[in-house]
Structure formats: structure tokens, C-alpha cells
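Down below is the structure, laid out as C-alpha cells.
What follows is calculated from the coordinates using simple rules that are stated; it is not laboratory data. Fair warning: this is a prediction, and the values are worked out from it, not measured in the lab. Every residue, glycine among them, receives a Cβ derived from its backbone with ideal geometry; neighbour counts consider all protein chains shown.
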Amino acid sequence: MDSTRRIWIVVLTLVAVVAPAIPGSGDARGGKYSGTVVAVDQAAGTIVVEGMGPWRIKEGVTQVERRTIGVMPSTEFVRLKRATGPAPSGWVGDFVETALPGWQVKPGDWVIVTLEPDGKRPTAVKIDVWEPSEG
């Protein structure tokens, strides 16, 4: 294989690996979104999460983004907590998931929301509520 062909293979491989990680290159409404819950409206079936992504700076100030996310009856709620010893995974201090009843989320909670596009707004498939460890 000549060196020109090798270079092209390396370049194309890098583009294929790096491109999905570039902000705006994928569906901005799918994937995961994390931040602080600022509003919960069970009657409307929504939560509002304020986070830093995508990263934007305006006049030297980091901009936060608020996303209104739909919550369906099928949305899974999970509490994340660090294990004090070995977790079920075998790793000391790994996160351990425990199921939460629906809508056990409140303003001020830090969450990781797994999203799927659903028409006009993203819909939560899973909401991980992080519980900080006392230290």
C-alpha cells in the first residue's frame, strides 16, 4: 500500500470517528442532556432542565440553555448514587442505579436525561437523578 493511500485511510477514519462528536453535527434533540432541573410540570408532562450545552460564550459569559423535555408514562426514573465500597460492577465508588417511582424529581436536582426526538420537543426515555455523596 503506498503512503498516499495510507494517509487517506487515516484521514477518513479520523473524520468518521471525530465528526459525530462535533457540536451540531448530529441531532441536537436526541442523545443525552444534563443539568439542573428548574421546573417540573406533571400536569403538562414536562420538566425544564438548565445546562451548559452546547457550549456558548457571549461577551465573555458562558451561556446556559434551558430545554423543555417531555415526560411520558413510559419514562424511566432512576437514582444514581456512588457506592461507598465495591459496586455491583466491581469498581469501588462506581455509580449504582436504583429505580425511582415516576416524577420523583424536583427543582434543584441534577439530572442526566436520555432523549429521543418526538416532533416539536425532545422526550425523555430515562431520567437519572444524581444524588451527591456526603463527604
Assuming Pro86 fulfils every condition listed in (1) exposed (fewer than 15 other Cβ atoms within 10 Å of the Cβ); (2) touching a Pro at 6+ places or on another chain (Cβ under 6 Å) apart from one, which condition is it? (2)
If I go through segment 112-135 residue by residue, how many of them are in contact (Cβ under 8 Å) with a residue 60 or more places away in the chain, surrounded by 16 or more Cβ atoms within 10 Å (Cβ to Cβ) and within 16 Å of Gly45 (Cβ to Cβ)? 5
